[in-house]
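Throughout, read-outs are computed from the coordinates displayed, never taken from laboratory work. Since this is a predicted model, take the numbers as computed values, not measurements. All Cβ positions, glycine included, derive from the backbone under ideal geometry; neighbour counts span all protein chains shown.
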Amino acid sequence: PENIALLAIESSCDDTSASVIINGEVKSNIVSTQLIHKKYGGVVPELASRAHQQYILPVVDAALKEAKVTKNELKAVGFTRGPGLLGSLLVGTSFAKGFALANKIPLIEVNHMQAHILAHFIDEPKPQFPFICLTVSGGHTQLVLVKSHLDMEVLGETQDDAVGEAFDKGAKMLGLNYPGGPMIDKHAAKGNPLAYEFPISEMKGLSFSFSGVKTALRYFLEKKVKENANFIDENIDDICASYQYTLVKTLLQKLKKATRKHKIKHVAIAGGVAANSGLRNTLQETGEKEKWEVFIPKFEYCTDNAAMIAVSTYYKFLAKEFTEQSVSPLPRYKL
Ligand code: KG4
Ligand code: ZN
């Protein structure tokens with residue numbers, strides 16, 4: 001039987017990544033994280049697209065080399081069409097279009113949020129359908145009913161900030177470096193989650209809101225710092241633990257609600273915030289109580305990577321979902 005070798009490219013935000021998948025098995029996953037944004041405390045779109053332009057060719061070459069695949073063995077090239085930053089998406093999209101033309105292979109466009117969920121199909125154990133996935137990243141917070149590899153329905157999402165934003169903006173207020181999520185995670189592991197209390201938003205149904213808790217943290221810090229200028233430094237672990245506890249509790253409350261409403265016991269998390277140890281641990285504990293079967297991706301497949309784009313490209317290839325050369329990026333691509 002013929003080998004199905006596919007190349008996939010991810011460039012939606014600040015990671016330039018390429019991956020090769022053969023017959024559904026990921027053979028390489030090269031991720032180049034742009035460090036230039038650190039000194040600005042957030043992703044600068046203009047600099048991100050320039051850096052993608054600079055990294056994309058070496059990253060693709062490295063992915064092919066590691067997989068021991070030559071260009072003429074490839075059957076298609078997949079790429080992230082959106083959602084993401086336009087300038088970043090344009091680099092990956094244009095590169096994939098040129099690559100497809102030059103090598104006379106079809107193009108396959110991939111939705112980045114669908115790919116975060118399909119990261120669960122890179123390794124065993126793979127979730128059974130239907131399952132509910134809580135997708136949590138820097139730009140999204142969604143509860144998704146996953147009916148098959150390519151059939152997904154958003155059950156609820158955030159009405160304002162994403163939970164990743166709540167982590168990153170909270171971290172900024174605490175003087176922690178970008179990206180703040182992992183820094184909060186690190187401090188939280190040493191602190192008391194019940195030291196301080198922050199409000200849980202009372203959104204209807206399966207919607208989320210994270211702007212309130214972020215503002216609550218701001219007022220709390222302003223008040224405490226007025227009383228004691230060293231308050232943050234002296235209590236950083238407890239503040240992080242309490243803030244993270246509130247964010248995770250909010251996520252789990254809605255996840256529980258969704259599983260009950262839809263009578264589903266197979267539960268997964270995906271996206272960058274799925275790397276958070278507080279969320280991973282609490283999900284395991286809640287899963288045991290609720291008798292869920294819980295699926296948590298490996299760390300490297302939580303944050304942005306092209307392996308998840310490769311696995312999505314593979315399922316689309318099998319379904320013969322090819323994309324025209326006239327395609328352009330969709331910064332607000334809906335699931
Ligand atoms: O999925 P992702 O890599 O990029 C987007 O598609 O947005 O997610 C990035 C987000 C950032 O907000 C980052 O702070 C957060 O994921 N993140 C974490 C952790 N690792 C990454 N948040 C909390 N704890 C972590 N360990
Ligand atoms: Zn992402």
statement: For K263, the lysines lying under 23 Å Cα to Cα, once residues fewer than eight places off in the same chain are dropped, come out as K126, K147, K204, K249, K254, K289, K291
- request: Go ahead and estimate [θ] at 222 nm for the chain from helices alone: -39,500 (n - 2.57) per DSSP H run with n ≥ 4, summed, over the residue count, rounded to 500.
  value: -14000 deg cm²/dmol
task: Treat the count of other C-beta atoms within 10 Å as a stand-in for reagent exposure and order K298, K224 from fewest to most.
output: K298, K224
- line: Expressed to two decimals, the chain has a Cα Rg over Rh, using the Kirkwood radius, of 0.99
message: Sequence gap at least 6, Cα distance under 8 Å: using those rules, report the relative contact order of the chain to the nearest whole percent.
response: 25
statement: Both in Å, the radius of gyration and Dmax of the C-alpha trace of region 126-297 are 16.2, 54
